[in-house]
Amino acid sequence: MKDRIMSKCPKCGSKMFISELKCPDCATAVSGNFWIHKLLELPDDIINFMLVFLKNRGNIREVEKELGISYPTVRSRLDIMLALLGFESTQSKDEINEILDKLEKGEITAEQAERLIRER
């Protein structure tokens, strides 16, 4: 994806907010502190997975075919996506949060995160 909104400060890691919204047609501007929605904070590969999942109406077999991945990998990516969005996981929250922090920081890929989550 191109030109994504930065959700974390590159210097200190704090959560960023949007301070101005502007109309491209009439130049009307609204200032304030607008927080970024969780969905926009997801890593690109997880957003792409979510779009494929939604396009296929949650049909895991179709997602497997389109992405060329196995059933366990689809399930693992679903678990990652749900955990990143703050939904309950069957795994230890501390363990999964540690993995997700690394994923958000770009220290590991979604595939590596999947493997680590599956191993736990």
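Values quoted throughout were computed directly from the atomic coordinates according to the rules given, and no laboratory measurement underlies them. What you see is a predicted model, and the numbers here were worked out from it, not measured in a lab. Reconstructed Cβ throughout: ideal geometry from the backbone, glycine too, with neighbour counts over all protein chains shown.
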Revision key, fill the gap. Largest first and rounded to whole Å, the semi-axes √(5λ) derived from the alpha carbon gyration tensor of the chain read 30, 19, 12
Review point. Which is the longest part of the chain that has none of the GluC sites (Glu not before Pro) sitting in a DSSP loop with at most 16 other Cβ atoms within 10 Å?
Key: 1-87
Check your understanding: So which trypsin sites (Lys or Arg not before Pro) in the stretch 1-85 pass both tests, a DSSP loop state and at most 12 other Cβ atoms within 10 Å of the Cβ?
Key -> Lys2, Arg4, Lys11, Arg57
Review point. From the backbone phi of the stretch 107-118, what are the Karplus-calculated ³J(HN,Hα) couplings (6.51 cos²θ - 1.76 cosθ + 1.60, θ = phi - 60°) in whole Hz, Gly and Pro given as x?
Key: 6, 9, 8, 4, 5, 5, 4, 4, 4, 5, 5, 4
Study note, to complete from the structure: Magnitude of the Cβ-charge dipole (Lys and Arg +1, Asp and Glu -1) of the chain about the Cα centre, nearest 20 debye, reported as 140
Exercise for review: Work from the charge dipole of the chain (Cβ charges, +1 for Lys and Arg, -1 for Asp and Glu, about the Cα centre) and give the residue of Leu40, Ala83, Ser14 farthest towards its positive end.
Suggested key: Leu40
**Study point:** Extension gain (nm, one decimal) between Ile69 and Ile5, 0.36 nm per residue minus Cα-Cα
**Key:** 20.2 nm
Practice item. Give me the compactness ratio for the stretch 40-87, meaning the Cα radius of gyration over 2.2 N^0.38 Å. Key: 1.05
Point to revise | Rel. contact order, % - alpha carbon contacts under 8 angstrom, at least six apart, the chain | key: 16
Point to revise | Lysine pairs within the chain, Cα separation less than 13 Å, 8 or more sequence positions apart or different chains | key: 6
**Study point:** Amide H contacts under 5 Å for Lys8, placed H, 5+ residues apart
**Key:** Met16
Check your understanding: Once the piece of chain linking Glu111 and Phe87 is laid out straight, how much longer is it, given 0.36 nm per residue of separation minus the C-alpha distance between them?
Key -> 6.6 nm
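Order by neighbour count: Asp79, Asp94, fewest other Cβ atoms within 10 Å first, most last.
Final ranking by Cβ density, sparse to dense: Asp94, Asp79.
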